[in-house]
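Working notes, beginning with the structure itself.
The values are calculated or read from the model by the stated rules, or taken from the named source; none is laboratory data. Quick caveat: nothing in here was measured; it's all calculated off a predicted structure. Here the Cβ positions follow ideal geometry from the backbone for every residue, glycine too, while neighbour counts run over all protein chains shown. Ligands, DNA and RNA are stripped out before the accessible areas are found, and what is left, the full protein with its side chains, is counted by its heavy atoms. Shrake-Rupley method; radii C 1.70, N 1.55, O 1.52, S 1.80 Å.
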Amino acid sequence: MVVTRVLSCTPANLGEAIAEAAAVLRRGGLVAFPTETVYGLGANALDSDAVSRIFAAKGRPANNPLIVHFADVGQVERVAADWPEQAARLAERFWPGPLTLVLPRREGVPDIVTAGGPTVAVRVPAHPVAQALLAAVDLPIAAPSANRSNRLSPTRAEHVLRDLDGLVELILDGGATQGGIESAVLDLTAHPPRLLRPGLIGPAAIEAVIGPVARQASAAQDTTQPLPSPGMLSRHYAPRTPLELAADDAARVKELAAAGLRVGWVSQSAASNPGDGVVQVVLPEDASGYAAQLYAALHELDRCGLDRIVVARPPQGNEWLGVLDRLKRASAKEG
Ligand code: TXA
Ligand code: MG
């Protein structure tokens with residue numbers, strides 16, 4: 001166990017906080033920091049011992065590789081063996097920002113970062129605190145979301161503290177993150193490129209830059225189909241309270257409440273009388289506003305000691321793919 005310190009990143013003390021965080025990273029420690037998507041749990045990607053601490057703190061299986069973060073695109077060649085034309089065009093359009101690119105890995109990148117695979121995932125985050133930290137430390141920083149494995153990603157410093165107190169040296173508190181769901185992950189070593197995880201940058205926006213991409217092989221795009229086999233859609237991004245997606249959410253909430261369950265209800269319009277024992281959270285009607293608040297809402301409901309969380313199925317449409325993917329995984333059975 002270590003003593004976890006939280007440093008708030010106000011304009012007045014940003015310089016000091018960043019210097020301290022960079023020092024922790026250089027000596028092989030862990031630093032949680034805000035990105036524009038969710039908080040990351042960072043370590044020096046070139047130091048296997050430091051990276052192994054990330055896996056230990058999260059309880060993350062060793063076969064799940066990490067994203068390596070940089071302050072700017074010029075640094076990526078420190079870990080990637082190739083920088084294809086498509087990568088250059090995407091970086092020009094979307095970096096810094098919530099898009100992760102999977103590229104052939106360079107020799108010398110520790111196996112633990114890539115889970116022993118031939119590729120490495122890279123991204124340049126846009127958050128000013130992440131930018132300042134990455135520029136100051138001048139190292140490739142491996143950073144998964146700063147939560148225990150398979151749990152909800154953190155969008156606030158307090159979420160990180162609840163999950164990782166005593167497991168991380170330093171948390172940089174940069175307030176609530178803006179994006180709210182994790183970056184889109186695009187595999188550029190596949191032909192055509194393959195979208196492994198949708199995010200706030202959707203397939204249509206990516207295709208406008210590089211042409212056709214293959215979509216991930218989950219039911220996330222098709223809201224009418226039942227969930228595929230649990231192996232294809234492992235439970236992830238999940239609150240502790242069992243969560244279900246409902247087309248007729250009002251009826252489902254009523255039914256569960258009538259059976260005596262305490263229910264959390266996430267919808268996009270307020271019910272005048274949600275019912276006894278029902279805690280309702282209303283999220284914005286636009287996809288980006290919804291994504292920004294989703295995890296914070298689920299973190300809050302998870303603390304209410306409820307029996308069930310019912311989430312109204314979000315609307316159809318490309319801009320909802322990232323949100324829908326996370327909700328489907330959150331509602332998947334343990335597997
Ligand atoms: O927004 C984000 O991406 C956040 C912030 C902190 O940058 N990070 C994040 O990391 O969500 P994580 O570890 O929670 O999710 C990374 C995803 C995982 O699904 C992982 O399997 C995939 O990216 N990934 C990482 N390296 C990969 C690789 N070489 N090939 C394929 N997938 C990879
Ligand atoms: Mg994660």
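Averaged per residue, what accessible area in Å² does the chain show with a 1.4 Å probe, protein chains only?
Here the residues of the chain average 42 Å² of exposed surface.
Quick one: how many Å² of SER288 are accessible to a 1.4 Å probe, rounded to 10?
In the full protein context, SER288 sits at about 70 Å².
With charges set only on the Cβ (+1 for Lys and Arg, -1 for Asp and Glu), what does the dipole of the chain come to about its Cα centre, in debye to the nearest 20? Show your work: numbers first, answer last.
Numbers: 31 positive and 35 negative charges, 135 e Å.
In total the dipole reaches around 640 debye.
Count neighbours as other Cβ atoms within 10 Å of each site's Cβ, and list the trypsin sites (Lys or Arg not before Pro) in region 270-327 that are DSSP loop with at most 14 such neighbours.
Values: sites: ARG303, ARG308, ARG326; in loops: ARG303.
In loop regions of region 270-327 (DSSP not H, G, I, E or B), the sparsely surrounded trypsin sites (Lys or Arg not before Pro) are ARG303.
How large is the dipole of region 45-195 about the Cα centre if only Lys and Arg carry +1 and Asp and Glu carry -1, each at its Cβ, rounded to the nearest 20 debye?
Numbers: 14 positive and 17 negative charges, 89 e Å.
Dipole size: approximately 420 debye.
Quick one: how many Å² of TRP95 are accessible to a 1.4 Å probe, rounded to 10?
Taking all protein chains as shown, TRP95 has close to 30 Å².
Compute the distance in nm between two label points, each set 7 Å from the Cα along the Cα-to-Cβ direction, one at ALA23 and one at ASP111.
3.5 nm
For Cα pairs less than 8 Å apart in space and 6+ apart in sequence, what is the mean separation divided by the residue count of region 90-168, i.e. the relative contact order in percent? If you can, show how the numbers build up before the last one.
Working: 60 pairs, mean separation 18.2, N = 79.
Relative contact order here is 23 percent.
Classify region 68-196 as rounded, prolate or oblate, taking a ≥ b ≥ c as the square roots of the eigenvalues of its Cα gyration tensor: rounded when a/c is under 1.5, otherwise prolate if a/b is larger than b/c and oblate if not. Please list the in-between numbers first.
Values: a/c = 1.68, a/b = 1.57, b/c = 1.06.
It comes out prolate by the Cα gyration axes.
Rounded to the nearest percent, how much of the accessible area of the chain (1.4 Å probe, protein heavy atoms only) is carbon and sulfur? Don't skip to the end; give the middle numbers.
Working: 7040 of 13960 Å².
Of all accessible area on the chain, carbon and sulfur atoms account for 50 percent.
Sort region 1-148 into rounded, prolate or oblate with this rule: let a ≥ b ≥ c be the square roots of the eigenvalues of the Cα gyration tensor; rounded if a/c is under 1.5, and if a/c is not under 1.5, prolate when a/b is larger than b/c, oblate otherwise. Could the numbers behind the result be given before it?
Details: a/c = 1.85, a/b = 1.20, b/c = 1.54.
Note, shape of region 1-148 comes out oblate.
So in the chain, what percent of DSSP beta bridges are antiparallel if you round to the nearest 5?
On the way: 17 of 45 bridges.
The antiparallel fraction comes to roughly 40 percent.
If you plug each phi of region 246-254 into the Karplus form 6.51 cos²θ - 1.76 cosθ + 1.60 with θ = phi - 60°, what whole-Hz ³J(HN,Hα) values come out, in order, with x for Gly and Pro?
Couplings: 9, 6, 9, 5, 4, 5, 5, 4, 4 Hz.
Accessible area of ASP49, 1.4 Å probe, to the nearest 10 Å²?
Probe radius 1.4 Å; accessible area of ASP49 about 100 Å².
Name the long-range amide H neighbours of ILE67: under 5 Å, sequence gap of 5 or more, or other chain; modelled H, no Pro or chain starts.
Hits under the 5 Å cutoff: ALA143.
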